[in-house]
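Here's the structure we're looking at; comments come further down.
The values are calculated or read from the model by the stated rules, or taken from the named source; none is laboratory data. Every value quoted in this text rests on a predicted model; they were computed, and no experiment measured them. Every residue, glycine as well, gets a Cβ built from its backbone with ideal geometry; the counts of neighbours run over all protein chains shown. Surface accessibility is based on the protein's heavy atoms, side chains included, excluding ligands, DNA and RNA. Shrake-Rupley method; radii C 1.70, N 1.55, O 1.52, S 1.80 Å.
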Amino acid sequence: MLPVAFLIHLAGAVLLLLWAVRMVRTGVERAHGTRLKSALRGAKGGTPQMALVGMILAVVLQSSTAVGILAAGFVTSGILTVGTGIAALLGADLGSALVVKILSFDLSGLIPFLLLVGATMFLKFEARTIRQTGRIVLGIAFILLSLQMVGDATEPLRDSALMPGMMAYLQGDPLTAFLAAAVIAWVVHSSVATVLLFVTFANSGLLPLEVAVPMVLGANLGGGIIAVWLTRGMEVEARRIPLGNLIFRGVAAAVVLTVSQIVEIPITLLGGSEPVQLVNFHLAFNLGLLVLALPFVRPMARLTAALLPDSAAEAAANDATPTVSMLDHASVDNPRIALASAKRELLRMGETVATMYHPIMELMDGGSPEQIKRVRALDAQVNRKHTEIKLFVAQVQRGKLTEAEAKLGNDLTEFSINLEYIGDIITKSLLNLAEARTKKGLRFSAEGWSEMCNLHSRVEANLQLALNVLVSGDVESARQLVKEKEMMRKLERESHDRHLERLRNGHSDSVDTSDIHLETVRAFKEINSLLVTVAYPILTESGHLLQSRLAQPE
C-alpha cells in the first residue's frame, strides 16, 4: 500500500499543474481575447494558413481544446467552414505538442524570478493587461513548480514493489496502457498536462518507453475526446469540427500503436534520453498527423456532415413551441402578486432580448442568412411579451392599488417598452447592417473591429446588470448601471474620433465600412441608454438621482 502522505503530495502536485495550465489560458484570454479571435477570423483564406494560426493560438493558450471551442463558435456564426475549422484544430494539436516540448526543458531555476515578476505585475498594477500578463507569468511559474513537485512526489515509487509488476503488465498489454491514458487525458481535460505527467514519470525512471509510447498515443486520443465532450451542447455544425479532429487523431494513434507492435519504431533516434525521446515522439506524431491529414480536411468535413446531419427541422419545431407565460391572470385582483408575476415575465422578455443581442458581432463578421433569420424571428417573441405585459399591467391598474403599486406598474410597462425598442434596434438596424456587410463583402479594420467588440461586450454586461437591478432593486447596482451610461458616452465618442482619424489617414477598410461602423457604435450606445432606464425609478425613490441636470437660474 502507498502511504497517505505520498498520495496527498502527488495529488496536490497534479492539481496544481492542472490549475496552472488553466491560469495561463485564462490570463491570455482576458488580456488578448479580442486579438486572438481576430487572428482566427482573419486567417480564413485557406487551410494551411488556418493550421498555422491554430498552432500559434494553441501555443499562446497552452490548449488545443480552447482553439477547438473557439473555432466551433466561429463555424456556428458562419465565419469559418467546418473544413477550415478542422485545419485550425490540427494545427492546434501541433501547437500543444510544442508547448509540451518547451515546458519539458529544465527551467526550474526560473521559478523564483517568475513568481516575483508575476506577483508584482498582478498585485501592484491596476491596468487590466498588465495584471493578466502577471497572471500568465505566475501560471508558467506554477507549471514548472508543479512538475518539480511531481518529480519529488514520485521519488519513493522507484523503490516500490508495486511498480515493476504494474509496468510489466502494461508492457505486455499496450492496448490497456493506451486506453488508460486516453481516459486520464479526458478526466483531467488537458492533453498538455497529461503528457507532461508521463514525461515526468519517464524522467524519474518509473515509465519505460515501451509503456510510455502507447500512453502518449492514448493521451492524444483523449485530447481529441475533450473537445467533442465540451462542444456536445453546441449546434450540429460546430460539433463537426472536434469530431473530425477526433477521427483523424484516433485513427492515427491506433495505426501508430498497431505498427509499433509489429515493427520496432526507431524512437531512440529522437533524442539522447528517454524523456527527450518521448517528447519528440509526441511532437513528431502531431507534425506527421498535420502533414498527412491537412489535404483531407474537406472530405472529413463531408464525412462529419454525414455522421452529424443537420437537424433544421427539429430547430424549427423548437422555435415554434410556445413558451408558457409567467403572467398570473388569476391574481389580477391582488396587485402585489400580479405585479410580481409581471416582473417575472419582464425578466424573461429581457432574457430573450439578451439572446438576440449576444451573437451580433459574430453575425456582423459573417453570419449566414439562416442565422440572421433565426435571431430576427425572436423579435416576434419580444413584441408578443411586450404587448401581453402592457395589457396585463393595464388590467391590474383598473383595480384598487396603492400609490407604490401604481408606480411599480408604470415602471414595469416603461421598461417593457424600452426592451421592445431594443429588439427593434437589433432587428431593424444591427441585423440589417450585418446583412449589408456580408452582401458587399466588406472587412472592418483591426482597430475598428476591436473597438466594436469591446463596446458590444460592455453593453452585454450592462444588459445582465440591468436585469439584475430589475429583480433586486439594489441601489448600488442601480448607481453602477447609471455610471455606465456616462462611460458608454465617453467610449462612443473616443471610437468615433479614432474612426475619423483612420478616415483621414486613408485606411481603406475604415473607408469601406465607415457607415456600418458608426451606425453600429451608435446603436450600442442607444441600447445601453435604454437599459439604464430601469435604474432611474430606484435611484429617484432613494434620493440618489436629481430630477433635472439643469443648473438653477440666478
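Only helices at least 30 Å long along their axis, Cα-based, and averaging 0.5 or more on Kyte-Doolittle count here, so list those DSSP H runs from the chain.
Span-like helices, by this rule, are 4-41, 82-103, 128-153, 209-230, 236-262.
At a Förster radius of 41 Å, what calculated FRET efficiency corresponds to the Cβ-Cβ distance of His358 and Leu116, to the nearest 0.05? Provide the component values of the computation, followed by the final result.
Details: r = 40 Å, r/R0 = 0.98.
With a Förster radius of 41 Å, E is 0.50.
What number, in percent, do you get for the relative contact order of the chain if the mean sequence gap of Cα pairs under 8 Å and at least 6 apart is divided by its residue count?
It rounds to 13 percent for the chain.
Round to the nearest 0.05 the FRET efficiency obtained for Glu351 and Leu303 when R0 = 45 Å and r is the Cβ-Cβ distance. Walk me through the numbers on the way to the answer.
Values: r = 37 Å, r/R0 = 0.83.
Working from the Cβ atoms, E equals 0.75.
Rounded, prolate or oblate, given the Cα gyration tensor of the stretch 325-379, with a/c below 1.5 counting as rounded? Numbers along the way, then the final one.
Working: a/c = 7.86, a/b = 3.51, b/c = 2.24.
Prolate.
So what does Lys385 come to for accessible area, using a 1.4 Å probe and Å² rounded to 10?
10 Å²
Rounded to the nearest 0.05, what FRET efficiency do His496 and Glu541 have when you use their Cβ-Cβ distance and R0 = 60 Å?
According to the calculation, E is roughly 0.95.
Leaving out ligands, DNA and RNA, and with a 1.4 Å probe, what % of the accessible surface on the chain is carbon or sulfur? Provide the component values of the computation, followed by the final result.
Numbers: 16190 of 26470 Å².
Its accessible area is 61 percent carbon and sulfur atoms.
Going toward the positive end of the dipole of the chain, with +1 on Lys and Arg Cβ and -1 on Asp and Glu Cβ, which of Ala394, Gly222, Ala252 do you reach last?
Projecting each Cα onto the dipole axis, the largest value belongs to Ala394.
Once you place label points 7 Å from the Cα toward the Cβ at Ala168 and Thr258, how far apart are they in nm?
Reported label-point gap for Ala168 and Thr258 is 3.1 nm.
Exactly which trypsin sites (Lys or Arg not before Pro) in the stretch 196-285 are in a DSSP loop and have at most 10 other Cβ atoms within 10 Å?
Answer in residue order: Arg232.
Just subtract the alpha-carbon distance of Ser331 and Lys428 from 0.36 nm times their residue separation and send over the number in nm, one decimal.
Result: 31.3 nm gained on full extension.
Please list, short to long, the whole-number percent of alpha-carbon pairs of the chain in consecutive 10 angstrom bins beginning at zero.
Binned Cα distances yield the sequence 3, 15, 21, 21, 18, 12, 7, 2, 0, 0.
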